[in-house]
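Inspection log for the structure reproduced underneath, given as structure tokens.
The values are calculated or read from the model by the stated rules, or taken from the named source; none is laboratory data. Note that the coordinates shown come from a computational prediction; the quantities given were computed from them, not determined experimentally. All Cβ positions, even for glycine, are placed from backbone atoms using ideal geometry, and neighbour counts span all protein chains on display.
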Amino acid sequence: MMTPDQFLVQIRKQAPAPVYLFLGPENYRREMCRKALIERVLTPEERENGLIRHDLDEVSLAEVLDDARSMSLFAPNRLIWVSSAESALPRGRSATSEEAGAGAKDTDSGLLAGYTARPAPGVVLVFDSARHEFEGEDKAKIERVRKFYAIVSQQVEFARFGDTEAKQLARDLAARAGLKLAADEVELLVESLGGDAARIAVEIEKLSLYAGGGGRVNREAIAELVPDSRSTTVFALVAAVGRNDRVRALELLDTLVREGEYMPLALTFLATQFRLALVAREAKLKNAQQIQAHFSGLGVPMWRARAEQVSQTVAAFSTDRLSMALTQIFAADRGLRDARPDDRIVLEDFVLRLTG
């Protein structure tokens with residue numbers, strides 16, 4: 001099993017292997033590896049005819065392997081990219097019989113074993129499985145994919161970036177783009193995008209164009225330009241409510257209204273925050289580290305900054321107040337759907353009830 005960095009070093013030093021398995025959900029490093037492999041396998045002239053794409057949601061594994069074995073007059077070297085690799089796994093009743101007879105010549109696993117024993121010359125075949133996470137409920141599914149493709153010795157794992165990695169990536173990309181970001185702004189950007197490296201790269205590029213060469217962006221610019229960044233104001237609203245700080249909570253509500261926040265969406269953020277906090281309190285989780293581990297184990301993606309916010313909410317609210325808050329959220333949601341006064345009045349009433 002290789003990391004993306006190990007894969008890049010390997011293909012720089014030696015000829016690519018005939019078959020690879022790319023496994024995991026992270027797209028930023030996957031795209032780097034894909035581009036590097038294309039450049040290593042195909043000349044610019046070969047890419048039009050030599051880069052072949054298949055999707056196992058649409059074609060069978062047998063058809064892909066037949067294509068790999070076929071000769072091409074127009075492309076002596078070929079890179080065949082096979083997405084939805086997990087779709088080759090047997091399902092239902094056929095899964096039991098095929099896994100019981102793994103290695104049989106008439107099974108897909110047998111066909112794959114036959115191909116890897118005698119791969120087609122000049123062909124690099126990449127099976128790409130990006131659907132499943134490495135943790136939570138997906139862990140068993142990704143292990144089935146790994147087992148099915150066990151005959152493929154060259155496997156590359158694409159795990160999501162951790163908190164520290166994502167922040168370092170944001171700093172590196174900002175420096176490369178000539179964009180000045182303070183530590184707080186890096187934190188806001190990464191948390192707003194859930195640590196998604198591909199989205200961080202896109203938003204850094206967008207912010208650098210906005211700021212110009214050597215420019216700086218502040219929190220207001222990030223809130224304006226980056227999708228989902230306004231949710232941080234919702235988290236600040238939760239904290240203010242938890243402190244019984246009615247004045248600050250109403251100020252933050254006013255900010256959301258002025259920024260054009262869709263109030264039902266803001267209420268959804270609040271509901272999620274309170275539900276997570278109630279689960280954490282009932283599970284007797286004591287800090288952000290325990291909260292992150294607990295929810296990740298349940299298959300609920302939990303970013304470190306989000307775990308900190310849930311921990312703060314747990315500290316600010318008793319179990320009874322959390323339950324009461326969820327009841328008030330239900331009432332506010334119903335109020336937003338009624339023939340009603342404007343959304344702001346409904347949310348102001350919600351804040352007043354929680355901070356009474």
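I'd like to check something: does segment 316-325 contain any residue that is modelled with pLDDT of 85 or more, outside any helix (DSSP H, G or I) and among the aliphatic types (A, V, I, L, M)?
no
Looking only at residues that are buried (at least 19 other Cβ atoms within 10 Å of the Cβ) and more than 18 Å from F317 (Cα to Cα) in segment 264-293, which one is modelled with the lowest pLDDT?
Residue satisfying both the conditions and the ranking: A266.
If we scan segment 294-303, do we find a residue that is among the β-branched types (V, I, T), on the phi < 0 side of the Ramachandran plot, surrounded by fewer than 20 Cβ atoms within 10 Å (Cβ to Cβ) and at pLDDT below 85?
yes
Tell me, which residue of segment 276-290 that is in a helix (DSSP H, G or I) and of a type in the set (D, E, K, R) is farthest from Q309 (Cα to Cα)?
Ranking the candidates gives E282 first.
Outside the structural domain of L37 (by TED's automatic domain parsing) and over 17 Å from the mean Cα position of the chain (by Cα): which single residue out of G110, G178, G122 fits that description?
One residue alone meets the criteria, G178.
Residues that are under 17 Å from L125 (Cβ atoms) and outside the structural domain of P119 (by TED's automatic domain parsing), at least 1 per element: which strands (runs of 3 or more DSSP E) completely within segment 1-86 meet that?
none
Please determine whether any residue of segment 200-208 is under 24 Å from the mean Cα position of the chain (by Cα) and either of a type in the set (D, E) or not in a helix (DSSP H, G or I) (or both).
Checking segment 200-208: at least one residue is under 24 Å from the mean Cα position of the chain (by Cα) and either of a type in the set (D, E) or not in a helix (DSSP H, G or I) (or both).
Go over the candidates V156, V123, V152 one by one and state the one that is under 30 Å from P76 (Cα atoms), at pLDDT 90 or above and in contact with a Gly (Cβ under 9 Å, 6 or more places away or on another chain).
Being under 30 Å from P76 (Cα atoms), at pLDDT 90 or above and in contact with a Gly (Cβ under 9 Å, 6 or more places away or on another chain) holds for just one of V156, V123, V152, which is V156.
Within the set of pairs 6+ apart or on separate chains, which have a first residue in segment 117-132 that is more than 17 Å from I151 (Cβ to Cβ) and touching a residue at least 40 places away in the same chain (Cβ under 8 Å), a second that is assigned to a strand (DSSP E or B) and aliphatic (A, V, I, L, M), and C-beta atoms under 9 Å apart?
Cβ pairs passing all conditions: A130/L23; H132/L23.
With part of a helix (DSSP H, G or I), loosely packed, with under 15 Cβ neighbours inside 10 Å and modelled with pLDDT under 70 as the only criterion, which of E251, E224 stands out?
Exactly one residue qualifies, and that residue is E224.
What do you reckon, is A239 assigned to a helix (DSSP H, G or I), more than 15 Å from D349 (Cα to Cα) and at pLDDT below 75?
Against the criterion (assigned to a helix (DSSP H, G or I), more than 15 Å from D349 (Cα to Cα) and at pLDDT below 75), A239 qualifies.
Here are some conditions: (1) at positive phi; (2) at pLDDT 75 or above. G214 meets all but one. Which one does it not meet?
(2)
Can you give me the number of residues within segment 141-164 that are over 26 Å from L125 (Cβ atoms) and free of Cβ contacts under 8 Å to residues at least 12 places away in the same chain?
Selection size over segment 141-164: 1.
State whether one or more residues within segment 130-150 are surrounded by fewer than 20 Cβ atoms within 10 Å (Cβ to Cβ) and either outside the structural domain of S84 (by TED's automatic domain parsing) or of a type in the set (S, T, Y) (or both).
Checked segment 130-150: no residue is surrounded by fewer than 20 Cβ atoms within 10 Å (Cβ to Cβ) and either outside the structural domain of S84 (by TED's automatic domain parsing) or of a type in the set (S, T, Y) (or both).
Looking only at segment 1-55, count every residue that is of a type in the set (A, V, I, L, M) and touching a residue at least 40 places away in the same chain (Cβ under 8 Å) and tell me the total.
Number satisfying all stated conditions: 9.
Search segment 276-288 for residues that are assigned by TED's automatic domain parsing to the domain that holds L326 and among the basic types (K, R) and pair each with any residue that is surrounded by fewer than 20 Cβ atoms within 10 Å (Cβ to Cβ) and not in a loop (DSSP other than H, G, I, E, B) when their beta-carbon atoms are under 7 Å apart and the residues are at least 6 apart or on different chains.
Correct list of pairs: R281/T319.
Could you check, for segment 161-172, whether at least one of its residues is outside any helix (DSSP H, G or I) and closer than 22 Å to Q289 by Cβ?
yes
Quick check: anything in segment 326-341 under 29 Å from the mean Cα position of the chain (by Cα), surrounded by 13 or more Cβ atoms within 10 Å (Cβ to Cβ), at pLDDT 85 or above and not β-branched (V, I, T)?
Looking for residues that are under 29 Å from the mean Cα position of the chain (by Cα), surrounded by 13 or more Cβ atoms within 10 Å (Cβ to Cβ), at pLDDT 85 or above and not β-branched (V, I, T), one finds at least one in segment 326-341, hence yes.
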